[in-house]
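One structure, pasted below without further comment.
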Amino acid sequence: MSADLTGTYLTLDDGRPAVSFSRTYGHPLDRVWRFVTDADELAQWFPSRAEIELRPGGTITFSGDPNMPESTGRVIAVDPPRHLSFEWGGDELRFDLEEVDDKRTRFTLTNVLGAADTAARNGAGWEVCLAALDAKARGERPEGPHAGAGAPWKEFYEGYVEAGVPSGAPVPGLDA
């Protein structure tokens, strides 16, 4: 397999399937928190623009993804600048930030899946999105699409399938 897979498929203590990714960024905690919560920052790497009402029970409006209709979600929990979780399209996204030292932050994204067969698809999508976030964190301008059918996710998807990660869910923008 030629794709460098960084995600882990796991089953949470409550039995739900998830894919999880971890990175360490050379930025202080507050800066990485803005990558996760500021709509303009998110739009540069997240699949949709996300306007977040940053409080438990707050509304999130997702827009701008050519393969998905505008939708809303709900903030499940927020503990600035360390944790944010919210509902998105039947899944739960958890962002956990941990200060490594005053200049570095460990970022963990856990996508709690509504269905196990979405693991390979979502894992591949997050690989592409997080590559855009990695570039942004290095001060580079991410090139190319980071979401949708034009994104270079197919190699990642095939890698996850080859690794035995559950697959088979439709791919928005490709499957009818």
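The values are calculated or read from the model by the stated rules, or taken from the named source; none is laboratory data. In this text the structure is predicted, and so the values were computed from the model without any measurement. Surface areas here come from the heavy atoms of the whole protein model, side chains and all, with no ligands, DNA or RNA. Shrake-Rupley method; radii C 1.70, N 1.55, O 1.52, S 1.80 Å.
State in Å² the accessible area per residue of the chain; use a 1.4 Å probe, count heavy atoms of protein chains only, and round to the nearest integer.
Heavy-atom SASA per residue in the chain reads 49 Å².
On to the next question. Name the long-range amide H neighbours of V100: under 5 Å, sequence gap of 5 or more, or other chain; modelled H, no Pro or chain starts.
Long-range HN contacts for V100: T105, R106.
Can you give me the C-alpha center-to-center distance between region 3-26 and region 53-88, rounded to a whole angstrom?
That distance is 20 Å.
Can you give me the % of accessible surface on the chain that is carbon or sulfur? Probe 1.4 Å, all protein chains present, nothing else counted.
48
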